[in-house]
Each structure stands twice: as structure tokens, then as C-alpha cells.
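The structure under discussion is supplied below as C-alpha cells; questions concerning it will follow.
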Amino acid sequence: MRRVLRGRRWQVGLVVAALGGAVLVTPPTAQAAPTGTAAVHADGNSFVDEFGRVVLLHGVNNVDKDAPYIEPGDGFTLTAEDAALLAGHGFNTVRLGVSFDGLMPTKGVVDTAYLDHVATVVDTLAQSGIHTLLDNHQDGLSKVWGGNGFPEWSLKSRPGALEPNLGFPLYYLMPSMNQGWDEVWSNSNGVLDYLGQALGALAGRLDGHAGVLGFELMNEPWPGSAFLSCYPNGCPGFDVKYQAAMQKLTDAVRARNANTMVFWEPNVTWNETMPSNLGRNPPITAPDIAFAPHDYCIPSQLAIYLGLPAFLRGLCPMQQDKTWGNIDSFTNRTHLPTLVTEFGDGDPTVLRNTVIRADERFISWQYWHYASRFGAPEPRPDPFLGDIGRQLVRTYPQATAGTPGRMIFDADTGDFAYRYTPHAGPRPTEIYVSDLHYPNGYEVRVDGGTVTSPAGARVVTVQPASGSSVTVYINRPGSKGATVPTGPIGTGSAGSSGSAGSSSGSASGS
């Protein structure tokens, strides 16, 4: 899946600052790009940086599925210009695809040049303040079935001479592919051992690189011949075997990079709303483990890939509510943080369903998909300037010096409101302000705190006035703004806006 968003060119808006009760419109102040990333780790069900702030991650996928994979100048690999564009739109994470096939193209031999290419991209993104999740990506297991991921040498199974192959996603039903997956989960031929060696080499090469968010052990793992046992309520028997494989790979990564986060994805029947039993038997006890589910709508995917009628997308909210209910159940059981590592796939209605539900729960996400704008012979238009971009580029708290409460962002109006309980710490709360939603600038108001960033700042910083709650409102000039939803995180609807409430406190704008 390699979709590039299209749209109109960005026009820099003016900024608004409230000074002495008057509204002042000023040109934006130029800001230097971030010069690095703060290390992030798992703390309960939150991501927390080295300054003790709760981090919210918004980002994109960048996955090259064809050899030679990460190759400078290939029109796909991210450049410093891509990093600056992404950071300018408020994205602070990238899920960078790596391939077992690329890491170990020859049995037992790691391609060190590939590791170096990966490290270069990670460091390039870090210079713009972007955290990279290294994703061991596969679709369709191996080139043997027309997919990608596992090297051919690692598996003995092969398609039958007359076995039909209908391509993605139906090739997962092929008996020979199911046999291939069974080899993985049984560690036949040592396939998991070799994968662990490859991921361990990658982890060791990137040890000490501040831009690394962590390692996702496997994209969309399929249960193999056990897949029917996953319907209709999940497959606890298979998930026990799967969890053991994830722990084996986690140990291999941690042996070479002891302090990194590791991300476990549920088996891919999750995308058909089957719940995950990871952490149920036995519990997940290793530190710094995070959950990496996807949020796709099957009717939308069938419309995209198989040409089914688009009106079936009307079923998506019901399916996505089920998926997010499964996320809630997993979080309540395991108390691990969640990063939704894929969603959207070019369908703006479906991706809106995701980002609203994520806002309600203060959950991080990475959109599928972004390819380089600048590596091709001709730079492509900024892909975030159309309808999809206006949902993805959001005003949001990137780092909260305290305990997050409820928030709301209206992508139609730009109205934003956020409440949190402050904690003492060395760094302030930081709120990225969308560069797309305020053509005539914005106003910011704070109850219980003070804006410490200058007029023209793309990132608003806030210091509390006391230990009580702080509420931040950001909106276009003349808008009555949004109201923070009531109730705890994860309840109610984040889709409505209303009165912004009182506006005491300091104010600044960009």
C-alpha cells in the first residue's frame, strides 16, 4: 500500500496574540527546527519522556516493500526535507519499515550496509524531533507467495503448482501460506532464531541513537492453520504460542539494546474485530512493552482492494467501535500503552473515525502511508493539503507536564480545548498548533496557567499557576471555541464543540 495524499499548496497564515484585551494580528515568528528527540519509555498505560512528561505521538508510516529497500535517492526513502515537512505539520513519529529479507538476505548473514542506511534515516528524522519506530514489516509472509518480509531461505513451504493465488489479502487463505506461518510459530528450521538474530543486530546497531522510539517485532502476523480458531471471539490457544514467540524476539532485541521499548502487535484477525489474548495467560511482565494494534475498516479495505461498492463504508463506525472496545479491554487488562501503528489507507471518512476515537482516549497513532516528497526526480506536492491532511494535521498536546485529562479538536473549525492536572517538572507542557487550520491566525487562552511561548510560536508552551487543573483553549479569531468534554478519558463523544468557557490567564498566539 503506497498512497500519496494530494491537495492544494499551503498558504502561511497570520497569527493572533491577545495583548491587553486587544487582538493583535502579527506575522509568524520563524522557529528553528528541533535539534533532537527526548527519550521516551512506557510508564503504565502512557508514553513518558525523560522529563517526566506524558507524550502523545502523531505520525505516519514509511515502508518500502521492494528490494533494495532503504536506498538513498530511490524516490521513497525519507530525506531531511521530508523530516522538516513532517515536523512542520506537527508529526513527531514515523513508523519506518524494515524487512527480515533485507536484514538477512543470506542465511545467517546480516547486511551491515542495510543497517547503516536505517541508522541514517533514524538520525535524519531525529534532527527534526521525530521519533522512529522500527517496524519488522511483512505482508503475505514472503516473495514466494507474492508478498514480502520473510526471506525465501527461511521457509520450506512453497505454493502448489495448481494452487490459486488471489493476491492481497486473500492469499492468507492459501494452504501453503498457512503451512509457512506454521513453520514460523513452531520455529521450524530455526526461523524465529534467525529473525531474532536479525532484529538483535538492528537493535545493536541503533543502541544509543536517541531518535529510536522502539522496535515493533512483526507487522500483521497471521495465525497460520490455526486461523479458524480465532473466530468469532479470538484465539486464546494460538495467542499463547504467539506470545511466546514475541517474548523470544523481545529477548533477542533486549540482549543487544537493553533499554529500548518493544511493541507487540495482535495477530491480524484483530482487523476483523477479533480480540487479542496477549497478556492473559501468562501476564506480560517484561518492562517497556507497548501495544501496536491497527484500526482498519473491512468494508473500506474491500472497496479499495477488491472494488466492492463504496456505500459499504457506512458500516465502518460500527466496526471501528468494536475495534476500539477491544483496545479498551486490552488496556484495562494489561495497563500497557497503545500506539495505533496503521489506519486510514487513503479513506478520509475512516481515518476521521480513528483520530476522534484516539483523541477521546489520549492514544497515539501513525497513519498509513507517506512516501518521500523529495527523493524522486521531481518533488511532489505536499500530500497533507487536502481533506485527509486536514484530519491528520491537528492541534494537540505533544508533551504534558502532568496528568492528561479530556481534549477535543474540531478539524472543521480548528477549535481546540484541553484540560490536565499539572505536575512539577523541568519542562513545560507543549501544544503543537496546526499550521493548516488558522488562515487568519489563532487565539489561545488558559485557565489556571500562563502561556510562556512568544507570539508566533508554532508550539505553545504552558506553565501552571498552581497545582490545580489547567485548561487551554485555542481557536480562530471570533470563534466561541470548544468546550472540554466532561468525564474521564475514554468516555463520551469528542465530536462536538461549544462555548470555550472563561478565558482567564495569559495569552499568546501564532
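Please treat every number below as a calculation from the coordinates, not as lab data. Worth saying up front: this structure is predicted, and the values here are computed from it rather than measured. Here the Cβ is made from the backbone with ideal geometry for all residues, glycine too, and neighbour counts use every protein chain on show.
Averaging over all projection directions, find the projected area of the Cα convex hull of the range 49-150 and quote it in nm² with one decimal place.
Numbers: hull surface 30.5 nm².
That works out to 7.6 nm², a quarter of the Cα hull's surface.
Provide the gained length on full extension for the span Met318 to Arg380, in nm with one decimal, where the gain is 0.36 nm per separating residue minus the Cα-Cα distance. Write down the numbers at each step before the final one.
Numbers: separation 62, 0.36 × 62 = 22.32 nm, distance 3.58 nm.
Length gained, Met318 through Arg380: 18.7 nm.
Which percent, nearest 5, of DSSP beta bridges in the chain are antiparallel? Don't jump to the answer; show the numbers that get you there.
Working: 41 of 71 bridges.
Roughly 60 percent of the beta bridges in the chain run antiparallel, per DSSP.
Equivalent-ellipsoid semi-axes (√(5λ), Cα gyration tensor) for the range 96-167, whole Å, largest first? Provide the component values of the computation, followed by the final result.
Details: eigenvalues 185, 44, 8 Å².
Ellipsoid semi-axes (Å, largest first): 30, 15, 7.
Treating each Cα of the range 111-217 as an identical point scatterer and ignoring solvent, apply the Debye formula and state log10 I(q)/I(0) at q = 0.15, 0.23 Å⁻¹.
Summing over Cα pairs of the range 111-217 leads to -0.72, -1.15.
By how many nm would the segment from Phe168 to Asp66 grow when fully extended, if each residue of separation counts as 0.36 nm and the alpha-carbon distance is taken off?
That works out to 35.2 nm of additional length.
From the phi angles alone, apply the Karplus equation (6.51, -1.76, 1.60; θ = phi - 60°) to the range 103-115 and give each ³J(HN,Hα) in whole Hz, x where the residue is Gly or Pro.
5, 9, x, 10, 3, x, 10, 7, 7, 5, 5, 5, 4
In Å, what Kirkwood hydrodynamic radius results for the range 253-385 from the alpha-carbon pair distances?
Hydrodynamic radius (Kirkwood, Cα only) of the range 253-385 equals 16.5 Å.
Given H placed on each backbone N at 1.01 Å, which residues far from Ala290 in sequence or on other chains put an amide H within less than 5 Å of it?
So Ala290 has HN proximity to Val262, Phe263, Trp264.
Which whole-number percent is the relative contact order of the chain (Cα, under 8 Å, 6+ apart)? Can you show the working numbers first?
Values: 1207 pairs, mean separation 102.7, N = 510.
Relative contact order, the chain: 20 percent.
Report ³J(HN,Hα) in whole Hz for each residue of the range 353-359, in order, from the Karplus equation J = 6.51 cos²θ - 1.76 cosθ + 1.60 where θ = phi - 60°; Gly and Pro get x.
4, 5, 5, 5, 5, 5, 4
At what distance in angstrom do the alpha carbon centres of the range 143-209 and the range 299-370 lie from each other?
Comparing the Cα centres of the range 143-209 and the range 299-370, I get a distance of 26 Å.
Hey, can you grab everything whose amide H is under 5 Å from the amide H of Ala399? Only 5+ residues off in sequence or another chain; H modelled, so Pro and N-termini drop out.
Amide H to amide H, under 5 Å and 5 or more residues apart or across chains, Ala399 pairs with Leu56, Glu430.
Rounded to the nearest 0.05, what FRET efficiency do Asp43 and Ala255 have when you use their Cβ-Cβ distance and R0 = 25 Å?
Numbers: r = 23 Å, r/R0 = 0.93.
It comes to 0.60.
Which value in nm describes the separation of the simple spin-label points at Ala310 and Asn187, placed 7 Å from the Cα toward the beta carbon?
Each label point is offset 7 Å from its Cα along the Cβ direction, giving 4.9 nm.
Between His335 and Thr120, with labels modelled 7 Å along Cα→Cβ, what's the label distance in nm to one decimal, could you check?
Inter-label distance under the simple model: 4.4 nm.
Rank-order 397-406, 312-321, 335-344 by packing density, defined as the average count of other C-beta atoms within 10 Å over each peptide's residues, highest first. Could you put the intermediate results ahead of the total?
Numbers: 397-406: 21.6, 312-321: 15.9, 335-344: 24.2.
Order by mean packing, descending: 335-344, 397-406, 312-321.
Where the centre of each part is set by its Cα atoms, how far does the range 47-114 sit from the range 395-442, in angstrom?
26 Å
Which residues' amide hydrogens lie under 5 Å from the amide hydrogen of Asp43, considering only partners 5 or more residues apart or on another chain, with H built in the peptide plane?
Hits under the 5 Å cutoff: Val48.
To continue, here is another question. How much length is gained if the chain between Ala113 and Thr349 is pulled fully straight, taking 0.36 nm per residue apart and subtracting their Cα-Cα distance, in nm to one decimal?
Working: separation 236, 0.36 × 236 = 84.96 nm, distance 4.06 nm.
Length difference between fully extended and current span is 80.9 nm.
Report the FRET efficiency, 1/(1 + (r/R0)^6), for Glu272 and Ser466, where r is their Cβ-Cβ distance and R0 is 41 Å, rounded to 0.05.
Values: r = 49 Å, r/R0 = 1.19.
After rounding to 0.05, the efficiency reads 0.25.
Over the range 129-223, what is the mean sequence separation of C-alpha contacts under 8 Å (at least six apart), divided by residue count, expressed as relative contact order in percent? If you can, show how the numbers build up before the last one.
On the way: 116 pairs, mean separation 37.3, N = 95.
Relative contact order for the range 129-223 comes out at 39 percent.
Now, a different point. Which order, highest average first, do 434-442, 87-95, 68-76 follow once you tally other Cβ atoms within 10 Å for each residue and take the mean per peptide? Intermediate results must be reported in sequence, preceding the final value.
Numbers: 434-442: 20.1, 87-95: 24.7, 68-76: 16.1.
Per-residue mean Cβ counts within 10 Å order the peptides as 87-95, 434-442, 68-76.
Karplus couplings for the range 62-69 from phi (6.51 cos²θ - 1.76 cosθ + 1.60, θ = phi - 60°), rounded to Hz, Gly and Pro as x?
9, 10, 9, 9, 10, 4, x, 6
Continuing with the same structure: Report the FRET efficiency, 1/(1 + (r/R0)^6), for Lys143 and His423, where r is their Cβ-Cβ distance and R0 is 45 Å, rounded to 0.05. Intermediate results must be reported in sequence, preceding the final value.
Details: r = 50 Å, r/R0 = 1.12.
The pair Lys143/His423 has a calculated efficiency of 0.35.
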